[in-house]
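Undergrad: My questions will all concern the structure given below.
The values are calculated or read from the model by the stated rules, or taken from the named source; none is laboratory data. Quantities reported herein were computed from a predicted structural model and do not represent experimental measurements. Cβ: placed from backbone, ideal geometry, glycine included. Neighbour counts: every protein chain shown. To get the accessible areas, we keep the full protein, side chains included, count just its heavy atoms, and leave off ligands, DNA and RNA. Shrake-Rupley method; radii C 1.70, N 1.55, O 1.52, S 1.80 Å.
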Amino acid sequence: MARTTLDPDWPIRAAALRAVELMVARHGPTLPWSIIEQGFELDGRRIYLASKACGIFRPKEMEGGALSIRTSMPRGRRSARYEDGAPLKDGAFAYKLQDRDPDNHFNRLLQHAEQLSAPLIYFLAVAPGVYQPLWPIFVKHIDRARMECSLSADDELLAMRERDVPMVADARAIDIRREYVTVQAKRRLHQSRFRLEVLRAYETRCAVCRLPRAELLEAAHIVPDREETGEPVVPNGLALCRLHHGVFDTDLMGIRPDGVIELSQSLLDTRDGPTLEHAVKSFHGQRLHLPRHLVDQPERRRLEERYARFLEFRKTG
Ligand SMILES: [Zn+2]
């Protein structure tokens, strides 16, 4: 028997997951609270997805487990922290229970969700008033002594529910899959936090050409993230438009540790139309536009490390 039939709220829950999917399709991977708080319409009723008052939420139309969990980030805090959503060793998110009583009203909503294996929506704060929704996410284990629960992402389980396929016997395969999906979700989350913080530091402009459109801006790593020093932190980031990100990533453009842009000789020797001449070559020898705050500016040792790679590339390429 499929376990979905146990969830008395399944129609509303499924509609809520679809509603979040639509919001993300329309507004991008991070959502402002003003979008989330609108909720969605089902059979002529407005149903809310989350509440400003409490992190654990179940709309009044539902009777079983929680529908969503929300982390928060106080205004005035400049960068994201990971108190909630902190990684656990088995590839899950940790979430603190409410207050001190593991059996209070809100924490019981999590207990119900765990018993039902109900998919939840996790609204993770990536900036004050801005959330990245992750779904479906499941309450995996409630640790009453430590007053926290672990949450893990899993799209495979949800897909099975939607097809109404009975739960399969190979629990181990599901565990591995669940861990993988959670790791992927975390990776996406870190990337979007990194992008938001870098764009904020650079006042939503390309550090090379000053292009001011967020849709066309990306957060480039100075030291690539596959390397040990390549952390996703603002001093290792540059806000670049897609064109200049591409030129930088292929080492056709280098940044001198003093912030001056250099282009590879092969690029300077190439002659072509206005895109190459104006949008690329004209920046050779120009200074990068850096953030106003010193703490947000690229760290010199990272620039040195990356510039050494550019010089190396210039010798061979
Ligand atoms: Zn640019």
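Undergrad: Among the candidates Asp225, Asp269, Asp251, Asp258, single out the residue that is in contact (Cβ under 8 Å) with a residue 40 or more places away in the chain and of a type outside the set (Ser, Thr, Tyr). Outline the logic, then answer.
TA: Values: Asp225 fails: in contact (Cβ under 8 Å) with a residue 40 or more places away in the chain; Asp269 fails: in contact (Cβ under 8 Å) with a residue 40 or more places away in the chain; Asp258 fails: in contact (Cβ under 8 Å) with a residue 40 or more places away in the chain.
After ruling out the rest, the residue left standing is Asp251.
Undergrad: Quick check, is Arg292 in a helix (DSSP H, G or I) and either in contact with a Pro (Cβ under 7 Å, 6 or more places away or on another chain) or assigned by TED's automatic domain parsing to the domain that holds Cys209 (or both)? Break it down into steps so the answer makes sense when it comes.
TA: Numbers: in a helix (DSSP H, G or I): no; either in contact with a Pro (Cβ under 7 Å, 6 or more places away or on another chain) or assigned by TED's automatic domain parsing to the domain that holds Cys209 (or both): yes.
The answer is no for Arg292.
Undergrad: Same structure, new question: Tell me which residues, restricted to segment 258-281, are within 16 Å of Glu312 (Cα to Cα) and open to solvent by 30 Å² or more (accessible area, probe 1.4 Å).
TA: Those that are within 16 Å of Glu312 (Cα to Cα) and open to solvent by 30 Å² or more (accessible area, probe 1.4 Å): Gln265, Ser266.
Undergrad: Please tell me if Arg200 is among the basic types (Lys, Arg) and either farther than 23 Å from Leu311 by Cα or within 12 Å of the ligand (Cβ to nearest atom) (or both). Break it down stepwise before answering.
TA: On the way: among the basic types (Lys, Arg): yes; either farther than 23 Å from Leu311 by Cα or within 12 Å of the ligand (Cβ to nearest atom) (or both): yes.
So Arg200 passes the test.
Undergrad: Separate question: So Met253 fits all but one of (1) within 13 Å of the ligand (Cβ to nearest atom); (2) open to solvent by 40 Å² or more (accessible area, probe 1.4 Å); what number is the exception?
TA: Checking Met253 against (1) within 13 Å of the ligand (Cβ to nearest atom); (2) open to solvent by 40 Å² or more (accessible area, probe 1.4 Å), the one that fails is (2).
Undergrad: Assess whether His244 counts as being of a type outside the set (Lys, Arg), open to solvent by 40 Å² or more (accessible area, probe 1.4 Å), in the same structural domain as Tyr307 (by TED's automatic domain parsing) and within 14 Å of the ligand (Cβ to nearest atom). Don't jump to the end; show me each part of the working.
TA: Numbers: of a type outside the set (Lys, Arg): yes; open to solvent by 40 Å² or more (accessible area, probe 1.4 Å): no; in the same structural domain as Tyr307 (by TED's automatic domain parsing): yes; within 14 Å of the ligand (Cβ to nearest atom): yes.
Considered against the rule, which asks whether it is of a type outside the set (Lys, Arg), open to solvent by 40 Å² or more (accessible area, probe 1.4 Å), in the same structural domain as Tyr307 (by TED's automatic domain parsing) and within 14 Å of the ligand (Cβ to nearest atom), His244 comes out as no.
Undergrad: In segment 203-212, which residue that is more than 9 Å from the ligand (Cβ to nearest atom) and in contact (Cβ under 8 Å) with a residue 24 or more places away in the chain is most open to solvent (accessible area, probe 1.4 Å)? Show your work before the answer.
TA: Initial filter on segment 203-212 (more than 9 Å from the ligand (Cβ to nearest atom)): 203-204, 212.
Cutting the leftovers down to in contact (Cβ under 8 Å) with a residue 24 or more places away in the chain gives us 203-204.
Values: Glu203: 99, Thr204: 48 Å².
The qualifying residue most open to solvent (accessible area, probe 1.4 Å) is Glu203.
Undergrad: Could you give every pair whose Cβ atoms fall below 6 Å, whose first residue belongs to segment 34-45 and is in the same structural domain as Pro133 (by TED's automatic domain parsing), and whose second residue is open to solvent by 100 Å² or more (accessible area, probe 1.4 Å) and modelled with pLDDT of 95 or more, counting only separations of at least 6 or pairs across chains?
TA: Between residues of segment 34-45 that are in the same structural domain as Pro133 (by TED's automatic domain parsing) and residues that are open to solvent by 100 Å² or more (accessible area, probe 1.4 Å) and modelled with pLDDT of 95 or more, the close pairs are Gly39/Arg46; Gly39/Tyr48.
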